[in-house]
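To keep things clear, I will list the structure first and then write my remarks on it.
Every read-out reported here was derived from the displayed coordinates using simple, explicitly stated rules and does not represent laboratory data. Here the structure is a predicted model, which is why all the values come from computation and not from measurement. Neighbour counts are summed over all protein chains in view; Cβ atoms, including those assigned to glycine, are modelled from backbone coordinates with ideal geometry.
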Amino acid sequence: MTKKAAVINDLSSFGRCSLTAAIAVLSAMGHRPCPLPTAVLSAQTEFPVYAGEDLTALMPRYTEAWESNHERFDGICTGYFARSEQLRHTLDFLDRFQTDGTLLLVDPVMGDNGRLYPAYDRTACGKMQELARRADVLTPNLSELCLLTGADYDALTAHADDADYLTRVAALAAPLSAGRGVIVTGVRTEGCIVNLTVQDGSADALRSRLFGESFSGTGDIFSAVVFGALLGGDPLTRAAERAARFVELAIADTVKEAHNPLYGVNFEKFLYTLNEVNRNANS
Ligand code: PXL
């Protein structure tokens, strides 16, 4: 059944991330994305130059307009926030639209490779912790897991070759996973990338090919596929597997040609693989 999903994220013209990724992925999976844009940008903020317009002031107006029209959502997913005020508006949005039956996926987009994104500050990190507590599913990368839990990224990754590395990452995610699913994305280990699903006291490690580069938007594409799969009724580990395989396909295609990781990955030509009609026809 088609599910209606509010997607709170920015619209970046270059970088194949945030709404550009989520609208395409959710639509391909047969759902109805309803974007609540937090900002419009000529490119995501890691580009050397970008122009943007902050839409923070529009957020409460969208919320009120949607409430006046009695809109309801089967799911809500959140991504990048440019300012801590946007997180406050999102918490208010949840007060009005999050019900027992709403699936809330929070991708706590704050940084990568142990560093905060340029537009991010510590106040926003604190608000993100508050938002994370309301989520049914969290999809932090390792840097974001450290920011959410207060762990030291450098100390943790200094022992990435240890046999018990994944056990320590899972132990770090365990308190966060009380009452919700957590997928720690893109953990580099033993020559591969691991997406670690932590839920109900157990951890499930899914291994993918390591390409050795970090591409814009892959975390956003991953969380959009997880969200779409969960809305469609998949269990969390299956959702993580579909997302990992989809991102892997897109990266493998991208590295075959001259590329700049800032421009993201060739996911568009594989969207058809996410479509339920194709999935049912192929199964
Ligand atoms: O992919 C994460 C992301 C989303 N949106 C914007 C960003 C980034 C990462 O830098 O700058 C605007």
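What to note about this one:
- Each residue of segment 67-72 was assigned a 3J(HN,Hα) from its phi angle through the Karplus curve 6.51 cos²θ - 1.76 cosθ + 1.60 (θ = phi - 60°); the sequence is 5, 4, 8, 6, 5, 9 Hz, with glycine and proline shown as x.
- Cα convex hull of segment 132-283, projected area averaged across orientations, nm²: 9.6
- Under the simplified labelling scheme, the residue 2-residue 61 pair shows an inter-label distance of 2.8 nm, with each label point 7 Å from Cα along Cα→Cβ.
- Evaluated at q = 0.08, 0.09 Å⁻¹: base-10 log I(q)/I(0), Debye formula over Cα of the chain: -0.30, -0.38
- Cross-link pairs beyond the 30 Å C-alpha cut-off, checked among 3/127; 127/256; 127/269; 4/269: 127/256; 127/269
- Placing a pseudo-label 7 Å from each Cα along the Cα-to-Cβ vector at residue 102 and residue 13 gives an inter-label distance of 3.2 nm.
- Helical mean residue ellipticity (222 nm; -39500 (n - 2.57) per DSSP H run of 4+; nearest 500) of the chain: -12000 deg cm²/dmol
- Computed over segment 1-99, the alpha-carbon pair-distance distribution with 5 angstrom bins reads 3, 13, 24, 24, 19, 12, 5, 1, 0, each value a whole percent.
- Trypsin sites (Lys or Arg not before Pro) restricted to segment 52-118 and DSSP loop, no more than 12 other C-beta within 10 Å: 72
- Rounded FRET efficiency, nearest 0.05, which uses the C-beta distance separating residue 255 from residue 121 and R0 of 25 Å: 0.15
- Between segment 204-283 and segment 90-164, the C-alpha centres lie 20 angstrom from each other.
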